[in-house]
């Protein structure tokens, strides 16, 4: 499975899950208003989507964490020139270092959204 396919699966489960805030009841875990009647079709559909999302969450979070850490590590290697690719010369960043700094900034901004996002 490609990385894009893994991310598409995670995004699909996220899109199918009921928006929060979530609560727990004795029948099922869900979000929004309290569906105390688990026999209705709407409640069943919401429960199945939410259960799928919840069940996959630990694996999804672990995968995403590893992916983000790997991307940040790769950026740091280029930024710090630990890969040895920066040619000798004046102390200005290489094109690859500038790109790595930009990628790192995008990741950091995504992980630290502005207030209200």
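Details
- Whether region 50-117 is rounded, prolate or oblate, judged on the alpha carbon gyration tensor where a/c under 1.5 counts as rounded: oblate
- Residue 82/residue 111 FRET efficiency (R0 22 Å; Cβ-Cβ; nearest 0.05): 0.45
- Computed label-point distance, nm, for sites residue 74 and residue 52 using a 7 Å Cα→Cβ extension: 2.9
None of the figures in this text is laboratory data; all of them are computed from the coordinates on show. A quick note: this is a predicted structure, and the numbers were derived from the prediction, not measured. All Cβ positions, glycine included, derive from the backbone under ideal geometry; neighbour counts span all protein chains shown.
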